Amino acid sequence: MTLVQKSINGTEYFTDDKVYYTFHQVKDVQDTLWSFACMDLGITRKNGFTSQETKNITDLAGIGPVHPTQFLLLRDGNAIPVPYLANGSSNLHPNDIILRSVVAADISKPLVTTVVPASVSTNGVADRLKEIEHLHNIKLLTDPEYQDKRATIIAGL
């Protein structure tokens, strides 16, 4: 199904009503996946990153075809992997739309802080495991990231 743009709770998304994507538009050739990752992570500095910030940015932006980006590219109404040039840099052009998948539950309701009791239901755990498996299957989580998130969820039982 072709992605369409929708406004939900004042934020614009591209969606097929199953998967929702936040997005950025490439303005010029100097725009990089690194800069979009910084924006998505709320990092406004251009330098002086902590080692954790650098890890988070590179996990999202990728570092070439060997460790590709978690962003996708909107092409002909579909979300496709970002193509790479022979030199390993991403093949972005002005006016390209860069997509990042978000969890539908995060956009359908306002952010609410809740206290989770010590005993977590196995239904909630199963849902979370299914969610990260889906993100892994659509290549938004690498194998190590998937295994780490899975272990964290299981350890919380």
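Using the basic label-point model (7 angstrom from Cα toward the beta carbon), what is the Ser35 to Glu12 distance in nanometres?
Calculated label separation equals 1.8 nm.
When the C-alpha atoms of the stretch 32-89 are aligned to their principal axes, what extent does each axis show, in angstrom, from largest down?
Principal extents (Cα only, largest first): 36, 24, 15 Å.
Given Leu41, Tyr20, Val4, which one lies farthest toward the positive end of the charge dipole of the stretch 1-53, if we put +1 on the Cβ of every Lys and Arg and -1 on the Cβ of every Asp and Glu?
Value computed over the given set: Leu41.
Over all pairs of distinct alpha carbons, what does the Kirkwood formula give as the hydrodynamic radius of the stretch 1-62, in Å?
13.4 Å
How far apart, in nm, are two points set 7 Å out from the Cα along the Cα-to-Cβ line at Ser51 and at Ile63?
Here the answer is 1.4 nm between the modelled labels.
Could you give me D for the stretch 1-112, from Stokes-Einstein at 25 °C and 0.890 mPa s, where the hydrodynamic radius is the Kirkwood radius over C-alpha pairs? Units µm² s⁻¹, please.
165 µm²/s
From the protein chains alone at 1.4 Å, what is the descending order of accessible area for Thr44, Thr69, Thr2, largest first?
In descending accessible area the options line up as Thr44, Thr2, Thr69.
The values are calculated or read from the model by the stated rules, or taken from the named source; none is laboratory data. Only a predicted model underlies this, so the values are computations on that prediction, with no experimental measurement involved. Methodologically, a virtual Cβ is constructed for each residue, glycine included, from the backbone with ideal geometry; neighbour enumeration extends over all protein chains shown. What goes into the accessible areas is simple: the full protein's heavy atoms, side chains included, and nothing from ligands, DNA or RNA. Shrake-Rupley method; radii C 1.70, N 1.55, O 1.52, S 1.80 Å.
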